[in-house]
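Notes follow once the structure below has been shown.
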Amino acid sequence: MNDTKQNAKRALTLATILTLFIAGAELLIAYANYKPRMNFLDITSYVTSNKYIYFLLLIIGNIILLPSAVLLYKENGISLKDEVYSKETLSKDIFTGLIALAVTEVLGLLVSLTYKGRTALAFKGEKPDVEIMIMGFIALGLVSGIFKEIFFRGLAKKFCAPVMGETTAFLLFNILFAMLDWHNYGYSFIIGIVWIWAYKKTGHLITPMIAHSGAGIISICYFLIVS
């Protein structure tokens, strides 16, 4: 197997392991809270019911696998910093990221309409404490918003696209991305397409990182307001 194919295999393996680790834990959490007569929307409401466990899963899964992703870039002589941003196009990249964030939030409002299908058996939510909110900002705004873009967009383009084609690579990794967040009814697949567009538009990961991190921070702020 040549280096190109080996690199593609390693990249796909990393994204798959991250997906299975987090999605598997989410399934166990949902199963542990299942009650008779629950519908699918009720079941998914419990995936993030224990915010401490949920945020910890995101942080641990991403941090453990990140060094392997960074090593893959380094071994191939690719500067991850240059993949993330360029001083020459930083303003344009940030602006495009903000546009992607705006589109993401509009789509999020549409998806939120599905919550009306939940019954009295769904998780009702509870007032978060300061520690949980701090964990939320770290898990969603920093770890997921930055690291996941390396795993699901960066690895797809740099290591799998040369083997299977850019469109196929992005689609495959976006499916994994959606599987990781299976409890949001395909929303991650849709916004993943938006973030792929943003990434392709600028060629720098900072663009989808801004959209992803921004969406995570907004969701935490919203949760704080409505709880």
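Values for this structure:
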{"quantity": "Verdict on Ile78 being at pLDDT 95 or above and either under 24 Å from Ile132 (Cβ atoms) or in a helix (DSSP H, G or I) (or both)", "calculated": "no"}
{"quantity": "Single residue of His212, His183, His204 found to be outside any helix (DSSP H, G or I) and of a type outside the set (Ser, Thr, Tyr)", "calculated": "His204"}
{"quantity": "Filtered residues of segment 71-118 (kept if closer than 17 Å to Ala156 by Cα, touching a residue at least 12 places away in the same chain (Cβ under 8 Å) and of a type in the set (Gly, Ala, Ser))", "calculated": "none"}
{"quantity": "Selection from segment 101-122 of residues that are at pLDDT 90 or above and touching a Leu at 6+ places or on another chain (Cβ under 9 Å)", "calculated": "Gly117, Arg118, Thr119, Ala122"}
{"quantity": "Residue count for segment 111-153, restricted to those that are among the hydrophobic types (A, V, I, L, M, F, W, C), part of a helix (DSSP H, G or I), touching a helix residue (DSSP H, G or I) at 6+ places or on another chain (Cβ under 9 Å) and within 20 Å of Asp42 (Cα to Cα)", "calculated": "1"}
{"quantity": "Those residues of segment 163-212 which are of a type in the set (Ser, Thr, Tyr) and out of contact with any Phe, Trp or Tyr (no Cβ under 7 Å at 6 or more places or on another chain), in sequence order", "calculated": "Thr167, Thr168, Tyr185, Tyr187, Tyr199, Thr202"}
{"quantity": "Filter result for the condition that a residue is crowded, with 19+ Cβ neighbours inside 10 Å, over 27 Å from Asp93 (Cβ atoms) and aliphatic (A, V, I, L, M), over Met209, Met135", "calculated": "Met135"}
{"quantity": "Failed item in (1) assigned to a helix (DSSP H, G or I); (2) surrounded by 13 or more Cβ atoms within 10 Å (Cβ to Cβ); (3) touching a residue at least 60 places away in the same chain (Cβ under 8 Å), with Val47 passing the rest", "calculated": "(1)"}
{"quantity": "Answer from Lys127, Lys157, Lys148 - the residue that is over 14 Å from the mean Cα position of the chain (by Cα), surrounded by 20 or more Cβ atoms within 10 Å (Cβ to Cβ) and either in contact (Cβ under 8 Å) with a residue 24 or more places away in the chain or closer than 19 Å to His183 by Cα (or both)", "calculated": "Lys157"}
{"quantity": "Verdict on Val163 being more than 18 Å from Ala23 (Cβ to Cβ), in a helix (DSSP H, G or I), of a type outside the set (D, E, K, R) and in contact (Cβ under 8 Å) with a residue 24 or more places away in the chain", "calculated": "yes"}
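The values are calculated or read from the model by the stated rules, or taken from the named source; none is laboratory data. On a predicted model such as this, the values are computed, not experimentally measured, just so you know. Cβ atoms come from the backbone with ideal geometry, glycine included; neighbour counts cover every protein chain shown.
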